[in-house]
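Nothing in this text is a laboratory measurement; each read-out follows from the coordinates by a stated rule. It should be emphasised that the depicted structure is a prediction, and the values quoted were computed from it without experimental measurement. Quick reminder, even Gly has a Cβ in these numbers, built from the backbone with ideal geometry, and neighbours come from all protein chains shown.
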Amino acid sequence: MSGKAAGLFLLQAVLYASVFAPAHSARAATFIVDNTGDASDVTFQACSDAVPGDCSLRGAIIRANASTGIDSIAFDIPPSDPGYMAGSAHWRISPESDLPAVTDDLIVDGYTQPGANANTLSPDQGGSSAALKIELHGNGSGSSTGLAVVGGKLVVRGLAMNRFQTNLALYSPGQHRVEGCFIGTDISGMQSLAANGSSFGIRLRGQAVIGGTLPALRNVISGNSSIGIWDESGTTTAQPSTIQGNLIGLGADGATVLPVRQRRGTGRTDRRRQRGLRKPVRRQ
Ligand SMILES: [Ca+2]
């Protein structure tokens, strides 16, 4: 091989390698939940955008856990789905058993469901105008967990979560984010829906940003019978969590104190908390 030919061969080899070598960063995927079913059957893990009815939330979590990179779970469930609640125009997902825990970086975004809209009201304006469309509804069992993350970072947006003993379990180091959710209430944010016995809104063992100063980030965390936000991280996290701009103990209207069986706070306390939290609230 002449020097010129060898050089050309080397150039071709480099070009081939650059085109066909795997990317350095893992390619993230989006799994679109298109039904409220709870089957663990592999047919509900297909999550093909072109095929209706082949992606349950359970199936999407299984797929996302198996996919490296920051994956996303979106929602596009039709009104013909049996889980559609016509009176409130939303979709209820009722897991028969705990969903698989999230083990890898994941974004779960309920605002992707058509018709859902984030809150536009500031804390000074009072309540939350968020219109949620996806409800994760537990069976009331005293040992159930709604959404749990045990590995990676979880961003959860725009979900109503209720009737689980622990609605949201943030157990890995994080940093996690919880934005624009209703935790412990129905889809309207105005009715308490606690599990039987003790129930917890968020159990936090890592670091998280819960809410924020922008309207779209504010959560309603109310109706949980034992503890709204339980920070169990102690001194193990290098950075403290931020809990800011949420409605805690109040309905989405920003005024109604939602009844809970073991509520410790007074209405006055709850309204004070509504205006901004600097420390985790262990009791509501
Ligand atoms: Ca599909």
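Observations on the model:
- Subtracting the Cα-Cα distance of residue 88 and residue 122 from 0.36 nm times their residue separation leaves 9.8 nm of extension gain.
- Surrounding net charge for residue 252, when Lys and Arg each add one and Asp and Glu each subtract one, Cβ distance under 12 Å: -1
- Here the simple spin-label model places points 7 Å from the Cα toward Cβ, and for residue 48 and residue 28 these points are separated by 2.6 nm.
- Cα gyration tensor of segment 4-248 - equivalent ellipsoid semi-axes, whole Å, descending: 35, 22, 17
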